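Everything on this sheet refers to the single structure shown next.
Bear in mind that the values in this text are calculations on the coordinates, not laboratory data. Please read all numbers here as calculations on a predicted model, not as lab measurements. We place every Cβ from the backbone using ideal geometry, glycine too, and count neighbours over all the protein chains shown.
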Amino acid sequence: MCGIVGYVGKRTAQNVLLNGLKRLEYRGYDSAGIATLDDNNRPHIARSIGKIAELENVLLTKPHDGHLGIGHTRWATHGGVTVTNAHPHHVGNIYLVHNGIIENYKELKEKLSKYNFQSDTDTEVFAALIDSNYKDGISLKDAVAKAAKQVRGTYGIAVFSPNEPNTLIVARLGSPLIIGLGQNETIIASDASALLGYTREAIYLNDGELAVCTDKGAEVFNLNLKHLNANHETIDGNVEQIQKGGYQHFLLKEIMEQATTLHNTLSGRIDPKLGKMHLGGPNLTEEEMRNIKHIVIVGCGTAYYAGLLASYYMEQLVPDLTIEVVIASEYRYRSFHLPKDSVALIVSQSGETADTLACLREIKKRGIKTLGIVNVVGSTIAREVDGGTYVHAGPEISVASTKAFTAQVVTMVMFAGMLAEYHSGNAELISKITKELSELPKEIETTLKKHHDEVKALAKKYAKYNDALYLGRDTAYPIALEGALKLKEISYIHAEGYASGELKHGPIALVDETFFEVFSIIDNWLFDKSIGGLHEVRARGGKTIVLTNSDAEIDADDIIRINSKIKILAPLLLNTLQQLFAYYIAVDRGNDVDQPRNLAKSVTVE
Ligand code: F6R
């Protein structure tokens, strides 16, 4: 969603801010802006709706070389997509960018009636509040701290005032802020990708903290203005990882690089010779591992589907476990009870998803241990869980999640493999899955290469359809849900995923020649039943595509057969083909593949 950058130092702020905003584009936004102070201490604001390129055009007419400024990409929450609602907001002596939502902004707005508000945003009210505190000789830091205590809601903010021309104030509550410390420069951002290439040293601000940033570094305080000793951490990743690397879109790059990223996910964590899996991060004693009887897996969207797929494997690997997979936006408000011998797996690519984070906090309140299955290092969820494991998929820039899904499933399977050792788990299965995991990166690479052109041609054939059903049983069922999600979010084709056993309970009424159906069929004991569902659809004129690892004769309009030694984990291979299929359909329909309409990469509001 919204993104923040800020800069104070030796470089031309305008350039650093624009570069930073481009790095944050992937998060999804509908308008953007920057405010800078020039060397004569005069403020300049430029804002525009649409892409950063529009903002760049505006700035071309007003280039200047100030060395301090703030920038923002906005994903509208309060008020429509207009230049006036875009950030930065300027009120009195205050220039402010803000991520998050101020819940009591209406009340505050009434109290601040002396201000002539221009926009419909909560952010402008926040700026006015800071300005109203910024008087009687109090510093900007103190004015921000006071305002931060008066607002209710969430915020990550960056503020400056021409009255204190070498200072940026940043603060956070529930919305990330990272302070990059360079040589005579400080660059702040809501996302570490904006800092790559400038510095590796950073302070990750915690909730309820603010920092005074100058070109000499940053000092951190709590809201009572007590000075805090902040940890200096090293930022993960490099600039190449956030570039397209010769691909037309990030999405294609991220689909195609799954062999490499999965290798990183697995590295040092499996031993196929001994049939062992081991994760370092869960932070659980042997006794705690033995005592786990119940697992709840929490996530949203693709992360939820990853949890669902992993649960099928986990219950086979550890037969005495009860596993529940829940959608975070629902679970957070339910009166749920978890037995004391539970562990919660909190699954999130970004580590910032508001609903998932809220669940994590609810679960912690009940005294249950939480483990993160997170991709973004240093993210809020990663910092708040009791333990956990990074999935090491590398930066995922395209809004639709692909490589993170594969990495999340595999990481949870490894967790179950490790747990199985303490629960007299299914040793034969552990050994088989460990072997398959070791072969999976290579097999993904081969599958994607071998079937690339076939999938592309298939996408062309089906790109004009408006409706699709994705169907599968057992481990192919979560894949059906994920396949439908991928297709709808990037191609805008209406697609629904179902367990094929559910067909007769309703969805089969939809089937006619205007729909196409994608069946993922795994060569296992349910094969004949899956084929039964396929026949039912064909008998009613549905156009059928089958993705399978079986070489049995199958009657369908189109079939893609993968020939792989991977059997148990075959759904992950079929899923990579679904990803590619959705990608090429979206390209064919001329969509903005990496930043689909209305979507944001990291959903930091409810
Ligand atoms: C789908 C997608 C979303 C995310 C969901 C959770 O392609 O990207 O459904 O999976 O918003 O996001 P994270 O994993 O960041 O918590």
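Please give the FRET efficiency for residue 431 paired with residue 118, using the beta carbon to beta carbon distance and R0 = 41 Å, rounded to the nearest 0.05.
Approximately 0.05, to the nearest 0.05.
For region 3-235, calculate the relative contact order in percent as a whole number, restricting contacts to Cα pairs under 8 Å that are 6 or more residues apart.
20 percent.
Enumerate the residues in region 422-456 having an amide nitrogen under 17 Å from the point lying 7 Å beyond the Cα of residue 290 toward its Cβ.
The answer is 422-425.
Please compute the modelled spin-label separation between residue 335 and residue 509, points set 7 Å along Cα→Cβ, answer in nm with one decimal.
It works out to 3.4 nm between the two label points.
Too long at a 27 Å Cα-Cα cut-off: which of 273/565; 51/114; 276/442; 276/364; 464/567?
51/114; 276/364; 464/567
How much FRET efficiency would the formula 1/(1 + (r/R0)^6) give for residue 457 and residue 216, where r is the Cβ-Cβ distance and R0 is 60 Å, rounded to 0.05?
In this case the efficiency is close to 0.55.
What does the net charge come to around residue 475 if you take all other residues with beta carbon closer than 13 Å to its beta carbon, with K and R at +1 and D and E at -1?
-3
Give the cross-link partners of residue 111 among the lysines, using a straight C-alpha distance below 28 Å as the criterion and excluding same-chain residues fewer than 8 apart.
In chain and number order, the partners are 135, 141, 146, 149.
Could you please report the charge total around residue 218, scoring K, R as +1 and D, E as -1 over all other residues with beta-carbon less than 14 angstrom from its beta-carbon?
Result for the neighbourhood of residue 218: -3.
Sequence gap at least 6, Cα distance under 8 Å: using those rules, report the relative contact order of region 132-267 to the nearest whole percent.
Averaging sequence separation for qualifying contacts and normalising by length gives 18 percent for region 132-267.
Distance check, please: which entries in 10/226; 22/601; 293/365 exceed 24 angstrom between their Cα atoms?
From the list (10/226; 22/601; 293/365), the Cα-Cα distance tops 24 Å for 10/226.
Please arrange 581, 160, 221, 117 by counting, for each residue, the other beta carbons lying within 10 Å of its beta carbon, fewest first.
So the residues, fewest neighbours to most, are 117, 221, 581, 160.
May I ask you to compute the full-extension gain from residue 231 to residue 555, defined as 0.36 nm times their residue separation minus their alpha-carbon distance, rounded to one decimal in nm?
Value of the extension gain: 110.5 nm.
Using only Cα atoms and rounding to the nearest 10 degrees, what angle (0 to 90) does helix 403-420 make with the longest principal axis of the chain?
On a 0 to 90 degree scale, this one is about 70.
Between residue 464 and residue 136, what length in nm is gained on full extension when 0.36 nm per residue of separation is reduced by their alpha carbon distance?
Separation in residues times 0.36 nm, less the Cα-Cα distance, equals 111.6 nm.
Tell me the relative contact order for the chain as a rounded percent, counting alpha carbon contacts under 8 Å between residues six or more apart.
Dividing the mean separation by the residue count of the chain yields 12 percent.
Show which aspartates and glutamates lie in cross-link reach of residue 244 when reach means a straight Cα distance below 13 angstrom and same-chain residues fewer than eight apart are skipped.
254, 257, 396, 594
How many nm separate the modelled label positions at residue 84 and residue 260, each set 7 Å beyond the Cα in the direction of the Cβ?
Those two pseudo-labels are separated by 4.8 nm.
Per-residue counts of other Cβ atoms within 10 Å, averaged by peptide: what ranking do you get for 508-519, 161-172, highest first?
So the peptides 508-519, 161-172, ranked by packing, come out 161-172, 508-519.
Could you work out the helix-only [θ] at 222 nm for the chain, with each DSSP H run of four or more residues adding -39,500 (n - 2.57) and the total divided by the number of residues, to the nearest 500 deg cm²/dmol?
It comes out at -11000 deg cm²/dmol, rounded to the nearest 500.
Please give the contour-minus-distance gain from residue 240 to residue 166: 0.36 nm per residue of separation, less the Cα-Cα distance, rounded to one decimal in nm.
Here the segment from residue 240 to residue 166 would lengthen by 23.5 nm.
Working from Cα positions, state the angle (0 to 90°, nearest 10) between the long axis of helix 427-450 and the longest principal axis of the chain.
Helix 427-450 sits at roughly 70 degrees to that axis.
Measure nothing fancy, just the Cα-based angle from helix 13-24's long axis to the longest principal axis of the chain, in degrees from 0 to 90, nearest 10.
Tilt of helix 13-24: around 20 degrees.
For residue 257, what is the net charge nearby, where nearby means another residue's Cβ is under 13 Å from its Cβ and Lys, Arg count +1, Asp, Glu -1?
Around residue 257, the surrounding residues sum to 0.
If you take every DSSP beta bridge fully contained in the chain, what fraction is antiparallel? Give it as a percent rounded to 5.
Of the beta bridges lying entirely in the chain, close to 60 percent run antiparallel.
If packing is taken as the mean number of other Cβ atoms within 10 Å per residue, what is the order of 437-449, 278-290, highest first?
Listed from highest to lowest mean packing, they are 437-449, 278-290.
Taking the alpha-carbon centroid of each part, what is the distance from region 241-300 to region 517-585 in angstrom?
So the two Cα centres are separated by 26 Å.
Leaving out same-chain residues fewer than 8 places away, which aspartates and glutamates sit with a Cα under 18 Å from that of residue 432?
Those aspartates and glutamates meeting the cut-off are 271, 315, 421, 443, 523.
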